[in-house]
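Here is the structure we will look at.
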Amino acid sequence: KGQGVTILSSTAFELTDEQREIITAARHGETFAVRAFAGAGKTSTLRAIGSELDGKRVLYLAFNRDIVREGKAFFPATTKVATGHAFARSVLAQRFNGRVDDTVPTLEARVRSRLGLAARHGDVHDAREMLAQRISDVFAEFSYAANTAIAAADDTEAGAHARAIWTEIHSARAVHPSDHDLYVKLLFVLQTEHGHPQLGFDAILYDECQDCTGSMF
């Protein structure tokens, strides 16, 4: 688009060759990842992409609220700006009638109740306390991975408990708000079971995508 590009703040700036390639790829609807160091002009590039895609339905995902707040200031109105978790919560509720609220037990509470443990942690050397931790470890691995079921593992006891708890969560479609990775996982599983229906966007921009889990990605 010439030597410069006008972003939403009406400020013109010179684009590098790399930035022009990125903007061209975004304009053509390509799927790609950009590696950029801190201070390399990532925000300026995103603003330029936002201007280039003005009028299209764009989803911009970030990891914290501060970045989202900044993004809402420079992306056009047609761009939905949200954290990945907030977006997952909205889709879970709107498309799959899922609930993310504090009236349901946390994952930790579910595990401790299943093992007959008190709410407060006891002796870390207690066999049931150690089993509770192992079950939590199974869930952590499951939440991060891009698979829809808890696979059989070397720890068959913890795996069996985890699968039973997950069956309850999946059936109820209800997750506590503090279990962020778990409701992302629930959305991922439901999306997969329904053939990954389209989210309704022309383009998705994911800031710091290298930090997202397999389920979120």
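The values are calculated or read from the model by the stated rules, or taken from the named source; none is laboratory data. Not measured: the values here are computed from a predicted model. As a convention, Cβ positions derive from the backbone with ideal geometry for all residues, glycine included, and neighbour counts pool all protein chains shown. Heavy atoms of the whole protein, side chains included, go into the accessibility calculation; ligands, DNA and RNA do not. Shrake-Rupley method; radii C 1.70, N 1.55, O 1.52, S 1.80 Å.
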Task: the chain - charge dipole about Cα centre, Lys and Arg +1 at Cβ, Asp and Glu -1, debye rounded to 20 - done: 760
Task: Kirkwood-type radius of the chain, with distances r between different C-alpha atoms, in Å - done: 19.6
Task: Ranking by accessible area, most exposed first, for 120, 35 with a 1.4 Å probe - done: 35, 120
- [ ] Using the Karplus curve 6.51 cos²θ - 1.76 cosθ + 1.60 with θ = phi - 60°, work out ³J(HN,Hα) for each residue of the stretch 111-121 in order, rounded to whole Hz, and write x for Gly and Pro.
- [x] 4, 5, 5, 5, 8, x, 9, 5, 4, 8, 5
Task: Table column - 3J(HN,Hα) (Hz), the stretch 50-66, Karplus curve with 6.51, -1.76, 1.60, x for Gly and Pro - done: x, 5, 5, 9, 4, x, 8, 8, 10, 10, 10, 10, 9, 9, 9, 5, 4
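On average, how much accessible surface per residue is there in the stretch 17-118, in Å², for a 1.4 Å probe, leaving out ligands, DNA and RNA? Provide the component values of the computation, followed by the final result.
Values: 6010 Å² over 102 residues.
Counting only protein heavy atoms, the per-residue value for the stretch 17-118 is 59 Å².
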- [ ] Identify which of 15, 92, 107 has the largest mean-square fluctuation in a Gaussian network model of the chain, with springs joining Cα atoms closer than 10 Å.
- [x] 15
Task: Estimated distance in nm for a label pair at residue 30 and residue 103, the labels positioned 7 Å out from Cα along Cα-to-Cβ - done: 4.9
Task: Loop-located GluC sites (Glu not before Pro) in the stretch 156-217, at most 16 other Cβ atoms within 10 Å (DSSP) - done: 208
Open item on the list: Given a 1.4 angstrom probe, I'd like the percentage of the accessible area of the stretch 26-140 that is carbon and sulfur, rounded to a whole number.
Closed with: 50
Task: Inter-centroid distance (Cα atoms) of the stretch 111-125 relative to the stretch 132-208, Å - done: 23
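Express in nm, to one decimal, how much length is gained between residue 65 and residue 78 on full extension, taking 0.36 nm for each residue of separation and deducting their alpha carbon distance.
2.8 nm
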Task: Computed lengthening from residue 156 to residue 127, 0.36 nm per intervening residue step minus Cα-Cα distance - done: 8.9 nm
Open item on the list: Let me make sure I get this right: for the stretch 107-166, a, b and c are the square roots of the gyration tensor eigenvalues over alpha carbons, sorted descending. Under 1.5 in a/c it's rounded, otherwise prolate if a/b > b/c, else oblate. Which is it?
Closed with: prolate
Task: Gaussian network model of the chain, Cα within-10 Å springs - most flexible of 106, 83, 16 - done: 16
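Compute the signed sum of charges (Lys and Arg +1, Asp and Glu -1) over the other residues within less than 9 Å, Cβ to Cβ, of residue 36.
Combined, the nearby Lys, Arg, Asp and Glu give +1.
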Open item on the list: Could you give the length gained by full extension between residue 86 and residue 193, i.e. 0.36 nm per residue of separation minus their alpha carbon distance, to one decimal place?
Closed with: 36.4 nm
TODO: Calculate the dipole size of the stretch 117-181 relative to its Cα centre from +1 charges on Lys and Arg beta carbons and -1 charges on Asp and Glu beta carbons; express the result in debye to the nearest 20.
DONE: 260
Task: Size of electric dipole in the stretch 26-111: Cβ of Lys, Arg +1 and of Asp, Glu -1, about Cα centre, debye, nearest 20 - done: 160
- [ ] Starting from the amide H of residue 205, placed 1.01 Å from N in the peptide plane, find each other amide H under 5 Å away whose residue is 5 or more places distant or on another chain.
- [x] 59, 60, 61
Task: Förster-model FRET efficiency, 30 Å R0, residue 118 and residue 144, C-beta, rounded to 0.05 - done: 0.55
